[in-house]
Amino acid sequence: MSALAADWLREARGRADAAPLVARVPLSLGAPSPGAAHRIGSIEPAIVERMVRARLPIAARAGGPCIAPPAAKSLATIARWLHGERIATHWRDELLAVVDDEGRTVGAIERGVVRVLGLATEAVHLVGVDPRGATWVQKRAATKSTDPGLWDTTMGGQVAAGERVGTTLMRETMEEAGLEIAALSDLVHASPIVIRRPVREGYMVERIEVFRGVVPDGIEPVNRDGEVERFERLDDRALVDRLAAGEFTLEATLILGAELERRGVVAARP
């Protein structure tokens, strides 16, 4: 099959690199030593004003607001307040790492508030194919808080605080798809995907580590955590048609589009 024009992939890449819809200011986390601070994200000024009025551990400064140390206590207090005020509407009871601009982990915070604070997150996705090259995809459960009912890669999950990418890959692949990583062949760590875009909760900044591997004949993905409605195996043409029709999440569109582009199935116009 000759390369198909993929305007949908070009459009998806544009959506994945977009400025905030509402002005935001840099957000920092104070360090124990006086005068030191770590840039960790961004936030809307109106939310900062409400935080200051609520006497939360945050101070408005010329270079942007700064959360006061100690990090663990202050971040937990702010997360609970954001949820209580319904500025962050979902509470996942999962901690994600808080990372500064230099890639240093400086704390951890509830997953449900990271977009409000514009914090950078890390995720892992798996593109599983059968021995003939057809791709295993999942339909997200209707109960998912994000992108319910849309199609996704074989597996996708957040890297939890204190967890390594490889550990997340093994854990999430078993939970979402019932697959042992060791059972896959030709496992490759592919090029990462970076997303910066406005979302309903605030602003998303995420680096996605992408892996691809072959699911042997006789093994099929089976969901174990209730977050997947079903799996399907699609040949290249069916996959392209569904991607072009907008049936996949933005993340999956970028990942699967890049994989199809790498294999010469599609070509995104400049």
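Okay, here's what the table says:
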| item | result |
| --- | --- |
| Which labelled figure in [x] 46, 22, 15; [y] 37, 20, 16; [z] 38, 23, 16 is semi-axes √(5λ) of the Cα gyration tensor in Å, once derived from the coordinates | [y] |
| Formal net charge of residues neighbouring Ile181 (Cβ-Cβ distance under 11 Å; K, R +1; D, E -1) | -1 |
| Rel. contact order, % - alpha carbon contacts under 8 angstrom, at least six apart, the stretch 163-270 | 23 percent |
| Point-to-point label distance, Arg230-Arg104, nm (Cα→Cβ direction, 7 Å offset) | 5.1 nm |
| Taking the stretch 22-109 and dividing mean pair separation by its residue count, relative contact order in percent (alpha carbons under 8 Å, at least six apart) | 26 percent |
| Diffusion constant of the stretch 4-96 at 37 °C, which comes from Stokes-Einstein with the Kirkwood Cα-pair radius and 0.692 mPa s, µm²/s | 215 µm²/s |
| FRET efficiency estimate (nearest 0.05) - Cβ-Cβ, Ala142 to Ala238, R0 22 angstrom | 0.50 |
| Theoretical gain in end-to-end length, Val25 to Trp91 [0.36 nm per residue, Cα-Cα removed] | 21.3 nm |
| Ellipticity estimate at 222 nm from DSSP helix runs (n ≥ 4, -39,500 (n - 2.57)) divided over the chain, nearest 500 | -7500 deg cm²/dmol |
| Choice from Ile208, Ile195, Ile78 showing the highest fluctuation, given a GNM over the chain with Cα pairs closer than 10 Å | Ile78 |
| Gain in span if fully extended, Arg262 to Asp7, counting 0.36 nm per residue against the direct Cα distance | 90.2 nm |
| Net charge, Trp151 excluded, C-beta distance under 14 Å - Lys, Arg +1, Asp, Glu -1 | -3 |
| Charged-residue dipole, Cβ positions (Lys, Arg, Asp, Glu), the stretch 161-270 about Cα centre, Debye nearest 20 | 540 debye |
| Normalised contact order of the chain, rounded percent, pairs of Cα under 8 Å and 6 or more residues apart | 23 percent |
| Dipole-positive endmost among Val114, Thr135, Trp91 within the stretch 91-212 (Cβ charges, Cα centre) | Thr135 |
| Centroid-to-centroid separation of the stretch 54-95 and the stretch 228-270 [C-alpha atoms, Å] | 38 Å |
| Protection-proxy order for peptides 256-263, 232-239, each taking the mean of Cβ atoms within 10 Å per residue, highest first | 256-263, 232-239 |
| Summed side-chain charge close to Ser28 - residues other than Ser28 whose Cβ falls under 12 Å, Lys, Arg +1, Asp, Glu -1 | 0 |
| Cα centre as origin, Lys/Arg/Asp/Glu Cβ charges: the chain dipole, Debye | 1100 debye |
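Read-outs throughout are calculated quantities, based only on the coordinates presented, and are distinct from any laboratory measurement. Model, not experiment: these values are computed from the prediction. Because the Cβ atoms are built from the backbone with ideal geometry, glycine has one as well, and the counts that use them run over all protein chains shown.
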